[in-house]
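The values are calculated or read from the model by the stated rules, or taken from the named source; none is laboratory data. Quantities reported herein were computed from a predicted structural model and do not represent experimental measurements. Cβ atoms come from the backbone with ideal geometry, glycine included; neighbour counts cover every protein chain shown. To get the accessible areas, we keep the full protein, side chains included, count just its heavy atoms, and leave off ligands, DNA and RNA. Shrake-Rupley method; radii C 1.70, N 1.55, O 1.52, S 1.80 Å.
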Amino acid sequence: MLDLKQLKYFITCAETGSISEAAKLLYTTQPSVSKAIKALENDMGMVLFERMPRGIALTAKGQEAYRYACRIVNDSQTLEEMGHKNMAKYLRISLNPSSWFTNQFVEFYKENYEKDYHFEIYTAGVRNVMERVRDYLSDVGFVYVMEQQKKEFQYELVKNRLVFNVMQESTATFYPGKENILYKEMPPSEKAKEPDMKIASEVENNGTVNTLAQKDQQTVNMDQMKNFRFIQNFRDEFLELGEKEKRGVFSWENLDVSVITNSDYIMEKMLKETDLCNISGSYLSDDKKAVNEGIPLEFKKNKVFFGYIRRKNDEPDELVDELLAFLNSKLK
C-alpha cells in the first residue's frame, strides 16, 4: 500500500535531485529517505530514479509517477485544509511577477474579506507556472507570452493538456532606467519645446555616436539594446522553450541581462535609481510607468499576451471564475 509519507519523500527527492538534500528539507535522515524510496519502488514495481554520479534523476516512468503523486498529495492537503477552515474556499495561484497583478489581487482580497477566502501565491517563470498547474500544485497560472513564441507555447500547452486564455494584449516595450541615456525625464511641456536636446548633449559628451537618442524616439531595435544592461523578472519571462529564436525578430542571446529577480520591488527600485533597462508589456506595471512610459520595441510580432493557464478538463471553480471576472473588469 502506498502512503502519503512515501509520496512526499518521492516528490521532494524529485524536486531536489538529491536524497541528502531531500532529507534536510524533510527533517529526517538520508537512510530513512532512501528506505522510503526503495519501498515505494518495490510497491509500484518500477524504478523511479536513475542513480547519477551527482544526485538522482527521474526515469521516464518516474516523471509520470511524479505528476500523479503531486496530484494525490495536494488533493489530500486540500481536504485537510477544508476541514480545518470549515470548508473555506482555497485557491492556489502561480504567476509571473507583476506589480499590476499584485495591486489587483490586494483589491480583490479586500473586497472579499468577509468571505474568508484562502490563497497560496507563487511567482515563477512561464515554464515553471505551466508545470505547477499541470502537476496540480496550482489551480490557475497567469503568464505573459510574446507573440513570436506563441506557437511553441501552444505546443507545450497541448503536450501538457493545458489551455491558455488571453485576457489582454499589449506591445512589448523597452523601459530605460532613470539614469539611462534614453530616460525621458523632462516634463511633457518642455519636451514639446526641446524634444531631445538633453539626451543628445549627453550622448555627445559621452563620446557616443548619436544613434540611441534620435529626435522623437519612436522605437528601440535589437542593435540599440545591445548597448544597455537589463533587469528582468525571469530570463524566460517571455517563454524561452529551448527552440532556436528567429534572427532579426527578438533574442536574449546578445543582450546583457545583469540582474534577474522575482521581486517587483527590486525591479522598480533599480529602474528608478540606475541605468538598467527592462523589457515587458506596455501596461503591466503602474510603477514602471511612473519611471518612464517606455518605448515600443522595433521587431516583428511585438505583441505581449497576458492570460491564464488551466488544466484542459478541469471542473468549473467558483473562486477562480470570481477572480477572473474581477481581473477582466480591471482590464477594460
For the peptides 100-106, 117-123, 272-278, what is the packing order when you average, over each peptide's residues, the other Cβ atoms within 10 Å and list the highest mean first? 272-278, 100-106, 117-123
So what are the ³J(HN,Hα) numbers for region 115-124, from phi and the Karplus equation (6.51, -1.76, 1.60; θ = phi - 60°), rounded to whole Hz, Gly and Pro as x? 7, 6, 6, 10, 9, 10, 10, 10, 9, 6
Backbone HN-Hα couplings from phi across region 65-75 [Karplus 6.51/-1.76/1.60, Hz, Gly and Pro as x]: 5, 4, 4, 5, 4, 4, 5, 5, 5, 6, 5
Give me the one-decimal nm value for the distance between modelled label points at residue 158 and residue 221, 7 Å along each residue's Cα-to-Cβ direction. 3.5
Check which residues have an amide H placed less than 5 Å from residue 174's amide H, if you skip close sequence neighbours. 295, 297
Accessible surface of region 1-111, 1.4 Å probe, proportion on carbon and sulfur as whole %: 54
Simple spin-label estimate for residue 272 and residue 171 in nanometres, 7 Å along Cα-Cβ: 2.7
Work out from phi, with θ = phi - 60° and the Karplus expression 6.51 cos²θ - 1.76 cosθ + 1.60, the ³J(HN,Hα) of each residue of region 26-39, listed in order in whole Hz, and give x for Gly and Pro. 8, 6, 9, 9, 4, x, 5, 5, 4, 5, 5, 5, 4, 5
What order, most packed first, do the peptides 300-308, 168-176 have when packing is the mean number of other Cβ atoms within 10 Å of each residue? 168-176, 300-308
Listed by chain and number, the residues whose amide H is under 5 Å from that of residue 49, excluding neighbours fewer than 5 places away on the same chain and using placed H, are 59
Modelling each spin label as a point 7 Å along the Cα-to-Cβ direction, I'd like the residue 50/residue 77 distance in nm, to one decimal. 2.8
If packing is taken as the average number of other Cβ atoms within 10 Å across a peptide's residues, how do 47-54, 261-268 rank, most packed first? 261-268, 47-54
Cut-off under 5 Å, modelled amide H: who pairs with residue 167 long-range: 306, 307, 308
Extension gain residue 27-residue 313, at 0.36 nm per residue separation less the Cα-Cα distance, in nm? 99.3 nm
Let a ≥ b ≥ c be the square roots of the eigenvalues of the Cα gyration tensor of region 16-172; is it rounded (a/c under 1.5), or, if not, prolate (a/b larger than b/c) or oblate? oblate
